[in-house]
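Written out below as structure tokens is the structure these notes cover.
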Amino acid sequence: MYKNRKLAWLVVLAMVFSIVAPLGVGTAAAEDTQYDMSDLVAELQEVYPYVDEIDKDDIRAARTKLQNLSDSEWTSVLDPLVTPLPDEVKNKLGDDGKSAQETLKQVALDAANIYYEDDAAVLEGRLNEFKNKHLSTFEALIGKDFTMNDLAEFLIAARSKLRSAAASEYETIYDLIVEGSNKAMVETMPELVKKAVQMAIDDNENNFSDFSGKLTDIGWSTGLLVEQHNVLVKAIGAPESEDELSLGQKAELALAKAWVRSEAVVEGGKKLTRAATNTLYEDTINVGDEVTYTLSIIGRKATGLVGFQPNPDSPIIRAESDKGTLKVTGLKEGTEQLIFYRDGEDCNAENDWIAKVNITVQKKTSSGGGGG
């Protein structure tokens, strides 16, 4: 459970810091002799059960579009990052004959190929290739005294603050994540991650103020990275209407939804268990039984904030909201799936589910008895 939360968040964070973060996530493990690259691959892939197939299609489409962005689109993304760089850093980034912009562009392209691949062998190969290819880029930007292991440790510390960041903005960020439209969710997640990062920097126990200083030294900030990240995702498959999401935003939405799902917990029921994949709950009740379920997201009760949907055509169960819980009654024998989902504008149970419970209703057995 903990691993999935960590991984879902790391993918989201890597998208926000699409220039810097993948360097830490993709290479720090290789510097640790206790860590096997295949283990990293296995952990990264644990996030995929939380991403629907239709969302994976959006991710793949966004990756393809990213590879084909125009020069002007890349300029709008990278110029604000390259312009403030000290000349010494620019020269190091371009010491192989490429411009600094071309070097950072290649980092973003190669990072996308890491995080959007679910084939284990291909992913492991790309991790190793990415590690070896971009070590010099990381050192040019951050220097050798702040290692990739340090950056990875910083990312983990920031991850631990993500739930706190969401909880601290309960009336704004949390509500947008749980109840808002998909567009609101896409716009909210980068800001949430930025807040979590700042909380990690401000935490005196972590001593990560050096990381913020490293960014300042090259004219960068977490705010600048988030801003340019937003420019990038909006440019990937830009829609004709401002009311629609770009392919890049749809890909980010897929990862944000995966994070929310990984932070969701269903409790209650009668014999509630969780499947090995962690994405599906199962329960068994009797005809006539009344049981209650509660949904928590990021450690907060959310049962009354989301939609729920049993099968409306041939109901095996009846579900109704009851004082902050969901009361379910077994109507007849069979199995039916209860779906908790984000019910904001343009959301539905099929695409925006948070948690699923397969409820099997069985005939109530008599307790026996009698005598004479």
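The values are calculated or read from the model by the stated rules, or taken from the named source; none is laboratory data. As the structure is a computational prediction, the values presented were derived from the model and not from experiment. When we count neighbours, we look across all protein chains shown, and the Cβ atoms used for this are built from the backbone with ideal geometry, even at glycine.
Tabulated data
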read-out: Scope segment 224-248; condition touching a helix residue (DSSP H, G or I) at 6+ places or on another chain (Cβ under 7 Å) and farther than 19 Å from Lys105 by Cα; matching residues; value: Leu245, Ser246
read-out: Among residues of segment 280-337, those that are at negative phi and not in a loop (DSSP other than H, G, I, E, B), counted; value: 38
read-out: Options Val122, Val77, Val107, Val82; residue that is touching a His at 6+ places or on another chain (Cβ under 6 Å) and either at pLDDT 90 or above or more than 30 Å from Tyr281 (Cα to Cα) (or both); value: Val107
read-out: Residue, nearest to Ile177 (Cα to Cα), within segment 302-356, restricted to residues that are among the basic types (Lys, Arg) and modelled with pLDDT of 90 or more; value: Arg342
read-out: Out of Ser181, Ser241, sole residue that is in contact with a Cys (Cβ under 9 Å, 6 or more places away or on another chain) and more than 20 Å from Asp145 (Cα to Cα); value: Ser181
read-out: Failed item, numbered, when Glu124 is tested on (1) surrounded by fewer than 16 Cβ atoms within 10 Å (Cβ to Cβ); (2) touching a residue at least 24 places away in the same chain (Cβ under 8 Å); value: (1)
read-out: Residue satisfying condition, being modelled with pLDDT under 80 and either closer than 26 Å to Ser221 by Cα or in the same structural domain as Glu252 (by TED's automatic domain parsing) (or both), within set Glu53, Glu88, Glu43; value: Glu43
read-out: Tally, over segment 167-189, of residues that are hydrophobic (A, V, I, L, M, F, W, C), within 19 Å of Asp352 (Cα to Cα) and either modelled with pLDDT under 75 or not assigned by TED's automatic domain parsing to the domain that holds Glu242 (or both); value: 3
read-out: Helices (runs of 4 or more DSSP H) wholly inside segment 190-267 that include at least 3 residues being at pLDDT 80 or above and among the charged types (D, E, K, R); value: 247-262
